[in-house]
Amino acid sequence: MKQVDEAKQNEVRALWNLVLEKRSASETLLNARFFNDSLSRRSYYSAFHAVTLLFLLHDRTFSSHKQIIGMFNKEFVHTELFSEQVARDLEYLFESRHTGDYDYHVSLDEEEAKEGLEKLSLILEAIRSYTGTKFGITLGADR
């Protein structure tokens, strides 16, 4: 198990709290029937920050969303630390974010928003498990 100093653990936990806050906001928006915002903004950004947390633990940062997703696939999926399903779920959320933010003539529906939350939950659980196993950091459960 790789050791992480207390300051880094605190930073990781703070970022994880942001992940859970965005996930909770996604549920709230879904319940209020704001499907585009639920899926495209909150669910995706929750997943994005969770993946960012992985790289924080490895002292790595990236300047773009595409870059971090590409490096996640290269360093975590292709090495079989995470499943290809997690990569597909992350890509689904990324594409949904793009659709919701930029394709104004397309509306995401309730089923898509619910599917996004399910995919997000799987991503968060995989990352929570990894941080516990690899670094001994216990992160709060997905709400």
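The values are calculated or read from the model by the stated rules, or taken from the named source; none is laboratory data. Please read these numbers as outputs of a predicted model, since none were measured by experiment. Don't worry about glycine lacking a Cβ; one is built from the backbone with ideal geometry, like all the others, and counts go over all protein chains shown.
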**Study point:** Breaking point among (1) polar (S, T, N, Q); (2) farther than 28 Å from residue 1 by Cβ; (3) touching a helix residue (DSSP H, G or I) at 6+ places or on another chain (Cβ under 9 Å), for residue 83
**Key:** (2)
Check your understanding: Considering 125, 75, 118, which residue is in a helix (DSSP H, G or I), modelled with pLDDT of 90 or more and either touching a Pro at 6+ places or on another chain (Cβ under 7 Å) or within 19 Å of residue 15 (Cα to Cα) (or both)?
Key -> 125
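Scanning for something more than 13 Å from residue 127 (Cα to Cα), of a type in the set (Lys, Arg) and surrounded by fewer than 20 Cβ atoms within 10 Å (Cβ to Cβ), does region 42-54 turn up at least one residue?
Of the residues in region 42-54, the ones more than 13 Å from residue 127 (Cα to Cα) are 42-45.
Going one step further and asking which of them are of a type in the set (Lys, Arg), we end up with 42.
With surrounded by fewer than 20 Cβ atoms within 10 Å (Cβ to Cβ) added as a condition, the list becomes none.
No, because not a single residue in region 42-54 is more than 13 Å from residue 127 (Cα to Cα), of a type in the set (Lys, Arg) and surrounded by fewer than 20 Cβ atoms within 10 Å (Cβ to Cβ).
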Check your understanding: Is region 13-21 home to any residue that is of a type in the set (Gly, Ala, Ser) and touching a Phe, Trp or Tyr at 6+ places or on another chain (Cβ under 8 Å)?
Key -> no
Point to revise | Criterion (more than 26 Å from residue 138 (Cα to Cα) and surrounded by fewer than 16 Cβ atoms within 10 Å (Cβ to Cβ)) met by exactly one of 38, 63 | key: 63
Review point. Given the conditions (1) surrounded by fewer than 19 Cβ atoms within 10 Å (Cβ to Cβ); (2) assigned to a helix (DSSP H, G or I); (3) in contact with a Phe, Trp or Tyr (Cβ under 8 Å, 6 or more places away or on another chain), and given that residue 107 satisfies all but one, which numbered condition is not satisfied?
Key: (2)
**Study point:** Unmet criterion (only one of (1) part of a helix (DSSP H, G or I); (2) closer than 25 Å to residue 129 by Cα) for residue 29
**Key:** (2)
**Study point:** Residue among 90, 139 that alone is on the phi < 0 side of the Ramachandran plot, of a type in the set (A, V, I, L, M) and modelled with pLDDT under 95
**Key:** 139
Study note, to complete from the structure: With the first residue restricted to region 17-39 and required to be more than 21 Å from residue 52 (Cβ to Cβ), and the second required to be aromatic (Phe, Trp, Tyr), Cβ contacts under 6 Å at 6 or more apart or on different chains are none
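Working only within region 47-69, note down all residues that are of a type in the set (S, T, N, Q) and in a helix (DSSP H, G or I). Can you show your working first?
From region 47-69, those of a type in the set (S, T, N, Q) are 52, 61, 63-64, 67; that's our starting set.
If the condition is that a residue be of a type in the set (S, T, N, Q) and in a helix (DSSP H, G or I), then 52, 67 are the ones that fit.
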Review point. Limited to region 32-46, what total is found for residues that are among the aromatic types (Phe, Trp, Tyr), more than 10 Å from the chain's Cα centre (by Cα) and assigned to a helix (DSSP H, G or I)?
Key: 1
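Suppose the filter is surrounded by 21 or more Cβ atoms within 10 Å (Cβ to Cβ) and not in a helix (DSSP H, G or I); does residue 82 pass it? Break it down stepwise before answering.
Numbers: surrounded by 21 or more Cβ atoms within 10 Å (Cβ to Cβ): yes; not in a helix (DSSP H, G or I): yes.
For residue 82, the condition - surrounded by 21 or more Cβ atoms within 10 Å (Cβ to Cβ) and not in a helix (DSSP H, G or I) - is met.
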